[in-house]
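Asker: Below is a structure I'd like to ask you about.
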Amino acid sequence: MSLTFTQLTPVFAAEASSIDLRQVRDRETLDAVRAGMDRYAVLVFRDQRFTDEEQIDFAQRFDGTLHTRTSSAVLAQSRLGTEALADISNVDRNGNIRAADDRQRASSLANRLWHTDASFVDPPGRYSMLSARVVPEVRADTEFADMRAAYDELDEHTRAAIDGLRVHHSIAYSRHVLGFDFTDEEKEKLKGAVHPLVRTIPGSGRRALYLASHASSVIDMPVPEGRLLLRDLIEHATRPHLTYRHIWRPHDFVIWDNRCTMHRARPFDDKTHRRELRRTTSLDLPLPATA
Ligand code: OGA
Ligand code: MN
């Protein structure tokens, strides 16, 4: 199957040519998607009419083991019946739009901070795959930032200064910033993880900053200095020329590489307009053996 990509910004992100990922099973095409990910870091596929089951099947076929230790699983059982599918919606189990003081809503507001998925677990997330099921009539975009380009644009002094640093990522921290607190029992299940601040992506050989709103401290640095450094780097990485803003259409399917991008939801009136997406995220484990 011939698959081509059209780049969406001068820096990264691309739209794939017409293809039905539900039907894609051959290694050659899956490898072409992977090669596209290594090059562009964010890929947009239009008109992918996945059921929940088909989305989980594709995600596993493409990249192996899926992340299930989500923060929402700690708050309440998912209405979707599986933790392999993150419910990126503003809807409760009765199909009603969540109220302003709903706990799941309060926690999910942190998606509006720049972040990567599942950096607070080990192994962390590799690819996130987000399927748009119900798109509101108002704009409710998702923005992405290329952390390889951000690394490339660091001066030599900063590169040397951050070399070898390790960062603690905690989902309790990113929620706490917005005034949301987990109970002690919930926190116990969300202990966080430590990851290098600079990662080399095997498929492209490129170096990337690994940062997120979950990044709470730099190991071996005093907390204030570490937090200031992380803030500076996030500011550097999210300057407009390094970002892509996705305007959703129904049945869009967007895959991003969490190892070398950050993303955030843009605000919209979520107490009025229904928005429903489903996310599968693979874990950054050794790649499935190729036949
Ligand atoms: C996600 C996420 C942003 C959005 O699905 O991981 O952060 O715009 N989504 O819903
Ligand atoms: Mn996310």
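Asker: Check cross-link reach from K191 to the aspartates and glutamates: straight Cα distance under 13 Å, and skip same-chain residues fewer than eight apart.
Answerer: Within the straight-line limit of under 13 Å, K191 reaches these aspartates and glutamates: D122.
Asker: When the chain is treated as a GNM, springs tying every alpha-carbon pair under 10 Å, which of S78, S174, S213 comes out with the largest mean-square fluctuation?
Answerer: Among S78, S174, S213, the largest mean-square fluctuation in the Gaussian network model of the chain belongs to S78.
Asker: Evaluate the charge dipole of the chain about its Cα centre and quote only its size in Debye, nearest 20, assuming +1 on the Cβ of each Lys and Arg and -1 on the Cβ of each Asp and Glu. Mind dumping the intermediate values first?
Answerer: Values: 41 positive and 43 negative charges, 67 e Å.
Using only the charged Cβ atoms, the result is roughly 320 debye.
Asker: Sorted from largest to smallest, which semi-axis lengths in Å does the alpha carbon gyration tensor of the chain give for its equivalent ellipsoid, taking the root of 5 times each eigenvalue? Could you put the intermediate results ahead of the total?
Answerer: Values: eigenvalues 143, 126, 65 Å².
So the three semi-axes of the chain are 27, 25, 18 Å.
Asker: May I ask you to give the percent of accessible area on the range 1-155 that is carbon plus sulfur, with a probe radius of 1.4 Å? Write out the running numbers ahead of the final one.
Answerer: Details: 2930 of 6470 Å².
The value for the range 1-155 is 45 percent carbon and sulfur by accessible area.
Asker: Given the Cα-Cα distance of S18 and R103 and 0.36 nm per residue of separation, how much length would full extension add, in nm? Can you show the working numbers first?
Answerer: Details: separation 85, 0.36 × 85 = 30.60 nm, distance 3.91 nm.
Roughly 26.7 nm would be gained on extension.
Asker: Return the percentage of antiparallel bridges among DSSP beta bridges fully within the range 5-283, rounded to the nearest 5 %. Show your work: numbers first, answer last.
Answerer: On the way: 45 of 47 bridges.
That works out to approximately 95 percent antiparallel.
Asker: Using DSSP to define loop residues, name the chymotrypsin sites (Phe, Trp or Tyr not before Pro) in the range 1-81 whose beta-carbon has at most 12 other beta-carbon atoms within 10 Å.
Answerer: none
Asker: So, for the chain, what is the accessible surface per residue at a probe of 1.4 Å, expressed in square angstrom?
Answerer: Working: 13220 Å² over 291 residues.
Accessible area per residue: 45 Å².
Asker: Give the carbon-plus-sulfur fraction of the accessible surface of the range 161-291 in %, rounded to a whole number; probe 1.4 Å, heavy atoms of protein chains only. Mind showing how you got there, number by number?
Answerer: Working: 3310 of 6260 Å².
In the range 161-291, the share of accessible area belonging to carbon and sulfur is 53 percent.
Asker: For the pair V134/D38, report the inter-label distance in nm, with labels modelled 7 Å from Cα in the Cβ direction.
Answerer: 4.0
Asker: Rank P267, Q104, V135 by how far each Cα sits towards the positive end of the charge dipole of the chain (+1 on Lys, Arg Cβ; -1 on Asp, Glu Cβ) and give me just the farthest.
Answerer: Value: V135.
The values are calculated or read from the model by the stated rules, or taken from the named source; none is laboratory data. Remember, it's a predicted structure, so these values are computed and weren't measured experimentally. Note that we place each Cβ from the backbone using ideal geometry, even for glycine, and neighbour counts take in every protein chain shown. For the accessible areas, the whole protein counts, side chains as well, though only heavy atoms, and no ligand, DNA or RNA atoms are used. Shrake-Rupley method; radii C 1.70, N 1.55, O 1.52, S 1.80 Å.
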